[in-house]
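**Q** Sharing a structure here in structure tokens format.
The values are calculated or read from the model by the stated rules, or taken from the named source; none is laboratory data. As the structure is a prediction and not an experimental result, all values here were calculated from the model. Backbone-built Cβ (ideal geometry, glycine too); neighbour counts: all protein chains shown. Please note that ligands, DNA and RNA were not included when accessible areas were found on the heavy atoms of the full protein model with its side chains. Shrake-Rupley method; radii C 1.70, N 1.55, O 1.52, S 1.80 Å.
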Amino acid sequence: MKLLQSLFIATVASHAYLDHGTTSAFLLPSTIHSLSTNLSKQVLPQICLRLQQRENENPTTQPYKKKRKEITLADLKNELLKNPAALNNLNKEPSKKKRTRRRTENPQQKYVYAAQRKTKNQMEDGSDDILKADEGSVALQNANRFLAEARRMGLTNPASQHCDPLMDGKEPEIVGQIRVGEEETGSGAFAYVIYKPQGWSILGSSGVRGGGSASSGSSTSDTDTNNSSDNPTSSSKEEITKTRSRIRRVKIRDSKGKEEFLEFDEADVLALLSVEERLEIEASGGSVFDQKGPVMDDEEDFRNSISSWNDIENMSAEEREDAGIEDEDYDPTDIPDFDEAAVLALLAPEELIEYNAEKKTLENENNLCENPANAFERYENLSEDDLDLAVVENLKRIKARMNKKSNTASFSSVPRPSVVAWLKEKKMQEGTPIRGGNFWTALAGASDVDDTGLVLLVPKENSKNVFVDFTEYIAVVGNGNCIDPKAKSEVPKEVINIDLISKLKRNREGDVAQAVRFSVSEHPSTCASIISHAQSQFDDGIRGDPGGNPFDRRAPRRLIHCSSIAISSLLFDETVQSEKELPDDIAVLTDRLNNHKFRRGSFLGRQALQENPFTNAYREINGAADGFPGWTVDRYSDWLLVQHDEKEYRGPLPSIHDGCTAGVYLLPSNPNRGAMGSKENIRPFLLEGKPAPETVEIMENGIKYHVNLNRDLSTGIFLDQRPHRAWLSQNCNSDTHILNCFAHCGAFTVAAATAGASTVSLDLNKKWLDRIQPQLESNGIEFDERHDCIYGDCFDWLEKLEKRGEKFDVVILDPPSSSVGKKKRRWSVKNDMDELVQLAAPLVKKGGLLWTTTNSASISPIKFANQCHKGLENAGIKSAMLERIQPMAVDFPSIGPQPVKNLVWRLN
């Protein structure tokens, strides 16, 4: 070691002498002494340690490695002289970067950057002023943030929000066929060009469509039962679920206090019981582990088991707490004793009448709020003269609801119609049966559920025998500056020709709608394949595409239509070319140059509604969105109701001699509806034609409703909710229980009742509720104990229904935009919707639906969704998921976000 030290000192000294030359020779002794002292204390021990580590490495015992670069002592000396600061870092490990990010005040929340907070605030305010990121367009940024919000609320796949088929009786249509197989007949002989309506899938599906997928435990219709044999996978899943549900897990505690879990099969326990014991269990609910109390022998025992809620002195502390009575404020001695007759003798006759009326009203309210079993016990022994028939009738309805045992929601399963299944059935009727299912493939055209127009169905085995010469698509571009980030296309750009047909820009406040033609030559393509090309060309999405912005769907579906297909057979000298005109939802935005008028009694975009034999009530002109600001025209059978803002020009009207219109009523409108109601004689009046009867019976999706055209500001039905009522009429069954809050005249109630559902309608105005029973009877439905109308404040009654323990499969919330309650407190959807949702959510059964809807223009779609989601969280429901966002119908086009927001939440 000393020899090495001397050698190194000498080497450094000579290096210093050579560097400085003779002018520095006199410094050589002091330099050598200094280097000797510093190196002996610092560098040499470290160098020797490293050399010793290298010598300890035995290359013969190590696996073969690539030869490492060696460093000599002289090289190490040179490096140290070049960088003396490296002496302090020889044995130090690299330090990790310290965390400098500041956290938010609430440590339970995730850290949110300032830019994220700004984006969230802009989303809630509906603002489009968003800063561009380093990558991606503004349309892509908008879509990503809206899709992230949808996923946060449980809507994991917004693009799956497909439209429902129209209830107009129309089916697909074969418009052409071509031979593609060697055989003359059979499944593989022909390829078909078929016109596909909206809402039809190619192969079909067995699940519930329209946001009503049946939850576990929900009942299914006969359609599902018949189709279960065709889907062995689904039936096996049901068997597995049933098997798992019989496995029970209980917590047990031994003598030492140690807790353990014990699993066992319910069937094993039931096997130990006698026949009589098993029959008793089945009669009381079917499971010994589902019992929540002792088994009652009869109804009298059940009544006696419930304590009275009418006598405060007999209440327990818990009962007084549930009833809202504070224990510290209750003292029986504070209740004074007095003679009621002596007090009444002091009242004037008018005061006595008023007192008796108020007393009877209070007694009726208390009777309705108490437990129905106790109330029936009280009234059973009264004579007919002492009975209040209205109260007893209401108690019967309450008892009928309370007897419903299932806590799981029940809906009918409605399979989506299939083009292949329709084709198979049609060929069977023609005597030329073909195969169905996956034997076919959609080679070109309208292949998705939302698409309309022509589709080419080809047998898979002969798909190479057909050549697609030409396809043409019409799409409406303008989706609120939001694109679908997942849109992809296998069609090369070179084979696509893009032409602009029309552009709606005037008075649309930035919501430009462009009709574009996409022509694809000599290449297979579908409607979905042109989406990415449209987005890259216009930096905007297809109108109504939920894959871009599920909260703001400005059309009832993704507006793409396959208008033309030309194909050739590669086996035979055959060609087919087919064309199909535009549907109403696209024509209303593209065909205004030549057809912006009434034709055969119907305005542009309403021709299919006018020809629909099951619907005769819809909107003919929707104000500025149809090109006529301040001018709306609604059709109710043979009569029209016009609302006109006198500050704007008058719009068109059909002739009363066209055979479709008997009369026209006019309502001078004011943007402030409250101002209209405050003025005298502001009611619709007959403008021309013959007057309508007092009650006009209309039809919507085959269901009868009653409206009045000259009595009130409201006719009795909101035409923009037609898709929601169609869902109720198709997906409810006899086990479905509906609570319709803010029921108005009960249009939702009538739609659900026609499917067999039991209903409760709740509204503050008794005048509107009185119109429900006649509408039910017009549809052949008896207004019995399965249907109830409650007159009162919705906020108060939601709390009362929860205290009773009532549960519903669907709870509908359609409140006014703003109102003043009994306590004179101003309530508005914009600021207080979460409060209403919090009250209503506990009333929904497991797997049930909560509908939230509003027509308030002062709240953006995303903010309305956030308000509802906040209410669900405040109610302690963590499993709520946003399942469906229902857009408005074709006769309600919009400029910008649609004014009516319809959200469907699933509560599992």
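**Q** (1) at pLDDT below 95; (2) touching a helix residue (DSSP H, G or I) at 6+ places or on another chain (Cβ under 8 Å); (3) not β-branched (Val, Ile, Thr); (4) not in a loop (DSSP other than H, G, I, E, B): which one isn't true of Pro897, the others all being true?
**A** Condition not satisfied by Pro897: (4).
**Q** Of the conditions (1) assigned to a helix (DSSP H, G or I); (2) polar (S, T, N, Q); (3) at pLDDT 90 or above, Thr432 clears all except one; give me its number.
**A** Single failed check for Thr432: (1).
**Q** Please give the number of the condition Gln838 fails out of (1) in a helix (DSSP H, G or I); (2) out of contact with any Cys (no Cβ under 9 Å at 6 or more places or on another chain); (3) surrounded by fewer than 17 Cβ atoms within 10 Å (Cβ to Cβ).
**A** So the condition that Gln838 fails would be (3).
**Q** May I ask you to list the residues in segment 410-442 that are touching a Gly at 6+ places or on another chain (Cβ under 9 Å), farther than 26 Å from Asn731 by Cβ and of a type in the set (Lys, Arg)?
**A** If the condition is that a residue be touching a Gly at 6+ places or on another chain (Cβ under 9 Å), farther than 26 Å from Asn731 by Cβ and of a type in the set (Lys, Arg), then Arg435 is the only one that fits.
**Q** Still on this structure, I have one more. For the condition touching a residue at least 40 places away in the same chain (Cβ under 8 Å), within 33 Å of the chain's Cα centre (by Cα) and under 30 Å from Gln535 (Cα atoms), what is the one hit in Val420, Val414, Val491, Val458?
**A** Checking each option against the conditions leaves just Val491.
**Q** A further question on this structure: Any idea which residue in segment 646-668 is modelled with the lowest pLDDT, counting only those that are open to solvent by less than 30 Å² (accessible area, probe 1.4 Å) and part of a strand (DSSP E or B)?
**A** Checked segment 646-668; the qualifying residue modelled with the lowest pLDDT is Leu667.
**Q** Right, next: Scan Gln577, Gln643 and give me the residue that is more than 21 Å from Asn710 (Cα to Cα), among the polar types (S, T, N, Q) and open to solvent by 20 Å² or more (accessible area, probe 1.4 Å).
**A** Every option except Gln577 fails the conditions.
**Q** Taking interchain pairs and intrachain pairs at least six residues apart, which have beta carbon atoms under 7 angstrom, with the first residue in segment 514-526 and within 21 Å of Lys196 (Cβ to Cβ) and the second small (Gly, Ala, Ser) and not in a strand (DSSP E or B)?
**A** Val516/Ala534; Thr526/Ser447
**Q** For segment 552-580, what are the residues that are more than 21 Å from Ala534 (Cα to Cα), in contact (Cβ under 8 Å) with a residue 12 or more places away in the chain and in a loop (DSSP other than H, G, I, E, B)?
**A** Leu570, Leu571, Phe572, Glu574, Lys580
**Q** Can you report the number of residues in segment 494-513 which are in contact (Cβ under 8 Å) with a residue 24 or more places away in the chain and loosely packed, with under 12 Cβ neighbours inside 10 Å?
**A** 4
**Q** Return the residues of segment 374-429 that are assigned to a loop (DSSP other than H, G, I, E, B) and either at pLDDT 90 or above or in contact with a Ser or Thr (Cβ under 6 Å, 6 or more places away or on another chain) (or both); say none if nothing qualifies.
**A** The answer is Ala409, Ser410, Phe411, Ser412, Ser413, Pro415, Pro417.
**Q** Picking from Phe795, Phe808, Phe864, which residue would you name as being in contact (Cβ under 8 Å) with a residue 24 or more places away in the chain, touching a strand residue (DSSP E or B) at 6+ places or on another chain (Cβ under 7 Å), more than 26 Å from Asn733 (Cβ to Cβ) and of a type in the set (Phe, Trp, Tyr)?
**A** It is Phe864.
**Q** Here's a follow-up. Report, by residue number, each residue of segment 129-161 that is hydrophobic (A, V, I, L, M, F, W, C) and either modelled with pLDDT of 85 or more or crowded, with 20+ Cβ neighbours inside 10 Å (or both).
**A** The answer is Val138, Ala139, Leu140, Ala143, Phe146, Leu147, Ala148, Ala150, Met153, Leu155.
**Q** Considering Arg558, Arg517, which residue is of a type in the set (D, E, K, R), open to solvent by 10 Å² or more (accessible area, probe 1.4 Å), closer than 30 Å to Ser463 by Cα and within 28 Å of the chain's Cα centre (by Cα)?
**A** Exactly one residue qualifies, and that residue is Arg558.
**Q** Here's a follow-up. Testing Tyr473 on (1) touching a helix residue (DSSP H, G or I) at 6+ places or on another chain (Cβ under 8 Å); (2) open to solvent by 40 Å² or more (accessible area, probe 1.4 Å); (3) assigned to a strand (DSSP E or B), one condition comes back false. Which one is that?
**A** (2)
**Q** Just one of the numbered conditions (1) out of contact with any Leu (no Cβ under 9 Å at 6 or more places or on another chain); (2) crowded, with 24+ Cβ neighbours inside 10 Å; (3) over 24 Å from Glu579 (Cα atoms) is not true of Gly478; which one?
**A** Failed condition: (1).
**Q** Would you kindly identify the strands (runs of 3 or more DSSP E) lying entirely within segment 678-750 that contain at least 2 residues that are crowded, with 18+ Cβ neighbours inside 10 Å?
**A** Counting at least 2 such residues, we get 696-700, 703-707, 737-741.
**Q** What residue, among those in segment 757-774 that are in a loop (DSSP other than H, G, I, E, B) and open to solvent by 30 Å² or more (accessible area, probe 1.4 Å), is nearest to Gln730 (Cα to Cα)?
**A** Within segment 757-774, the match that is nearest to Gln730 (Cα to Cα) is Arg771.
**Q** Hey, another quick one. Just to be sure, is Val455 in a strand (DSSP E or B) and within 21 Å of Asp584 (Cβ to Cβ)?
**A** When the stated conditions are applied, Val455 passes them.
**Q** Another one. For residues that are assigned to a helix (DSSP H, G or I) and under 28 Å from Pro861 (Cα atoms), scanning just segment 775-820, find the one that is most open to solvent (accessible area, probe 1.4 Å).
**A** Glu799
**Q** Considering Lys427, Lys464, which residue is out of contact with any strand residue (DSSP E or B) (no Cβ under 7 Å at 6 or more places or on another chain), more than 30 Å from Leu762 (Cβ to Cβ) and without any contact (Cβ under 8 Å) to a residue 60 or more places away in the chain?
**A** From the options Lys427, Lys464, the qualifying one is Lys427.
**Q** Let me ask something else about it. Given the conditions (1) assigned to a strand (DSSP E or B); (2) closer than 24 Å to Ser201 by Cα, which single one is not true for Ile531?
**A** Unmet condition: (1).
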